[in-house]
Structure formats: C-alpha cells, structure tokens
Amino acid sequence: MSPSIVLDDDLQIFDIRQSGESLDLKSKIITGLQSLAPTLPSLLLWNDRGQRLFDRFSQTPSYYPFHSEIEVLNRHGSNIGECIPTSGVLLELGCGAIRKTKSILSSFRREQKPVHYFALDVSSQGLEASLIELRKVFRDCPFITITGLLGTYDDCVAWLAGLKNTSVNGSVTILWLGNSIANVNSQDEASAFLERFGTACQRADLACRFVVSTDICQKNHKVLEAYDVERPEYREFLLNGIEAANLALGYAAFSLEDWQPNSWLDELERNLHFYLTARRDLLVPLAPENVDGGNAMNAVKVFKGQRVRIVTSGKWSEEAMRGICSRAGFHIRQQWKDETGDYCEYEKL
Ligand SMILES: C[S@@+](CC[C@H](N)C(=O)[O-])C[C@H]1O[C@@H](n2cnc3c(N)ncnc32)[C@H](O)[C@@H]1O
C-alpha cells in the first residue's frame, strides 16, 4: 500500500477509492430521480464545501447531537479508550472535522498507550485539514500514529478485507460517531452495514469491535428544533446537495431557486427525513442537451410540492439499537450516555 498524499514525514493519506466516484454518483442521481419516491444520494452532501457547512451547522447551540456527544466523550473518553487494545487499530468511519476523537486519543496520550489511528472520509480537502490539525495536537505522542483513508464506506470494507497478511494485525476497533449509523434508509440496512464490516474483518483475521454513537432522543420537539431547516446554516448545507448534483452530472440540471429544503419526522419508524421540495413544476434534464427544454422524454417531471429525499437521520431507541446489533451478530457490551439520556455511545463486540 503506498500513500497517495504525503502531508509530512509522519502523516499520509491513502486513496482507497475503488471506482470512479463521479460516474457512480451520476447514475445514482438518475435512478433516484426516476424512482416512485424520488431520492438524491446523500453522498452529495459530503463534498468539501458540504463538510465545512456541516461543521458550522453542528456548532449551533440547539444542535444537541454534537454537544451531547462531546459531553459523553469528555466524561467517558478514558473508559472508551480502554476498549481499544494496546497497539490496536482504531478506524474512524466518516471522521469529518475530527472534533470528537481527540477526547479518546487524549486518553492514549495520558496512558502512553500505543494506537494506530486511521481516519476515513470522502472529502479530500476536509480529511487533509482535519488530519493536519490532529497531528498538531498529538505531535508530542510518537506512540499515536495517524493515517488518512480517502474513500467511501464501501471502499473501506474492501480495504479492510484486504488487510490479511499485512503489517496491520490483531484487532480493529471501528469508531462511528455522529449518529452516522442512522443516516441509512432503514434499521435493516444499518444491521447489514455492521455485518459487512464484521465479515471484512473476519476475512482479514482481525478481531472486530465497534464503538458507535446514536441519537436515542425520543423528544420530538427537541429533535425538530435541532434540525430546523429554516436555520440558514442547515438550509445552506442541504441546498449544497443541489450544487453538488450539478457538478456530478456535469451540467446544470437543477436551479437553486427551484428547490426548498424541508423535513418530516416519521414518528412510527423514528426517522427524520430531509427533502428538497420543488417550488414549481419542473423538468429535470437527464442529459446535458436537454438543459434548455430539449427532449421532454429525456427528463424527469417533478411537480410543484413534490419532495426528493436527500438524507435521513434515525432517532432510534435503545431497544431498536439492540435489535440492529444482534441481527448483525454483535452484542452491546457497554454503553455511555449524556446527562439527559438522549445520546449514547455503545461498545459492540
Ligand atoms: C454526520 S457527519 C459526522 C462527522 C463526524 N464523525 C462527527 O461525528 O462529527 C458524517 C460524516 O460521514 C462522512 N460520510 C458520509 N457518507 C459517507 C460514505 N458513504 N463513505 C465515507 N464517509 C461518508 C461525511 O463526509 C461526514 O464527514
């Protein structure tokens, strides 16, 4: 494995992407728009600009998932650190700005416990910036190695499975923060996700455990206030998906002024869905030559008020989380909560 980006002597990023991401996104946009309940891929939200917008939004006072998780990690970072074996691999999925991981790595510094930290994300600029910042904080700790992985979760599964007979051995602790496990379409999908990572580790002869955080808040008013789509920070983050879709397609299929972000909390399934809703009847062209109203056959009709789902954030109960883990072949060994009891970190074995 040779690094694609060498940031300095002891900081490298490996590009583990397997397929042309833009090609993939393009076909996902088109099939999503053509489906009965139209969708756009949530990956569109996470380009370099999207990362910066999300990081800004996550700092707003009412966005309790960020503040509660920081509280849990500050209080219990050492206990969580104890779950990770000495000289083991700590692999963080969707690391973003890496604001939270510092509490866990700090416990390694205090105890002078060696760890190999790998941070995975899809945004190359974001990953570079976050790792440079993290390296500065842990510059004085030679026993904490820091490596970046540029790619998607799917790329990471393939990368993990290929670690057999490499210098990475022993165990992998997969850290998945920010309630990202619940950014999928269903609880079954979340189970399948855990299972795929578990199987990849098995293939590589690595013991696998997860440390996962989930937003278990069942108070609707608190949830809806945190994700208020009228708040400029969140609005801009969701609308950035429109610009990212145009970039992925390579032509201006969408105009910002035609779309309005909104949300719906499915109280039964405990999923908060985010949509981009058409402000007028539209024809979304599926090829560049149709941008100016060319062939209507090669365009998707979207009616005024019709919603296109872009991302979902599950607010699943503890009981639901137990089911998700057990269906994936994991059991919950420990859990740590914030003071309100609305946010939880789980260790799963
Ligand atoms: C909700 S943010 C969480 C960021 C950070 N872990 C935190 O807790 O603040 C989700 C992160 O996952 C990354 N992400 C989303 N989908 C991904 C995918 N399919 N593969 C890899 N990373 C992904 C995003 O780029 C983003 O940084």
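Quick test for you: out of 68, 62, pick the one residue that is of a type in the set (Gly, Ala, Ser), at pLDDT 90 or above, over 19 Å from residue 173 (Cβ atoms) and surrounded by fewer than 17 Cβ atoms within 10 Å (Cβ to Cβ). Full working, then the answer.
On the way: 68 fails: surrounded by fewer than 17 Cβ atoms within 10 Å (Cβ to Cβ).
Only one candidate qualifies: 62.
Touching a residue at least 24 places away in the same chain (Cβ under 8 Å), touching a Phe, Trp or Tyr at 6+ places or on another chain (Cβ under 8 Å) and within 14 Å of the ligand (Cβ to nearest atom): is that true of residue 45 in this structure?
yes
To keep it simple, each residue is scored yes or no on (1) more than 24 Å from residue 332 (Cα to Cα); (2) out of contact with any helix residue (DSSP H, G or I) (no Cβ under 9 Å at 6 or more places or on another chain); (3) within 11 Å of the ligand (Cβ to nearest atom); (4) in contact (Cβ under 8 Å) with a residue 60 or more places away in the chain.
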| residue | (1), (2), (3), (4) |
| --- | --- |
| 160 | no, no, no, yes |
| 163 | yes, no, no, no |
| 171 | no, no, no, yes |
| 174 | no, no, no, yes |
| 183 | no, no, yes, yes |
| 199 | no, no, no, no |
| 203 | no, no, no, no |
| 207 | no, no, no, no |
| 211 | no, no, no, yes |
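Exactly one condition in (1) modelled with pLDDT of 95 or more; (2) crowded, with 22+ Cβ neighbours inside 10 Å; (3) within 14 Å of the ligand (Cβ to nearest atom) is not met by residue 29; state its number.
So residue 29 meets the others, but not (3).
Evaluate the following for residue 130: is it within 12 Å of the ligand (Cβ to nearest atom) and buried (at least 22 other Cβ atoms within 10 Å of the Cβ)? Write out each step before concluding.
Working: within 12 Å of the ligand (Cβ to nearest atom): yes; buried (at least 22 other Cβ atoms within 10 Å of the Cβ): yes.
So residue 130 fits the description; yes.
Return only the number of the condition from (1) surrounded by 22 or more Cβ atoms within 10 Å (Cβ to Cβ); (2) more than 12 Å from the ligand (Cβ to nearest atom) that residue 93 does not satisfy.
The single condition residue 93 does not satisfy is (2).
Residue by residue, here is whether (1) among the aromatic types (Phe, Trp, Tyr); (2) touching a strand residue (DSSP E or B) at 6+ places or on another chain (Cβ under 8 Å); (3) under 25 Å from residue 332 (Cα atoms); (4) within 12 Å of the ligand (Cβ to nearest atom) holds:
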| site | (1), (2), (3), (4) |
| --- | --- |
| 74 | no, no, yes, no |
| 82 | no, no, yes, no |
| 106 | no, no, yes, no |
| 119 | no, yes, yes, yes |
| 157 | no, no, yes, yes |
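Looking at 266, 215, 228, can you tell me which residue is free of Cβ contacts under 8 Å to residues at least 12 places away in the same chain, over 30 Å from residue 164 (Cβ atoms) and touching a strand residue (DSSP E or B) at 6+ places or on another chain (Cβ under 9 Å)?
Values: 215 fails: free of Cβ contacts under 8 Å to residues at least 12 places away in the same chain; 228 fails: free of Cβ contacts under 8 Å to residues at least 12 places away in the same chain.
Matching residue, one of 266, 215, 228: 266.
The values are calculated or read from the model by the stated rules, or taken from the named source; none is laboratory data. Quantities reported herein were computed from a predicted structural model and do not represent experimental measurements. All Cβ positions, even for glycine, are placed from backbone atoms using ideal geometry, and neighbour counts span all protein chains on display.
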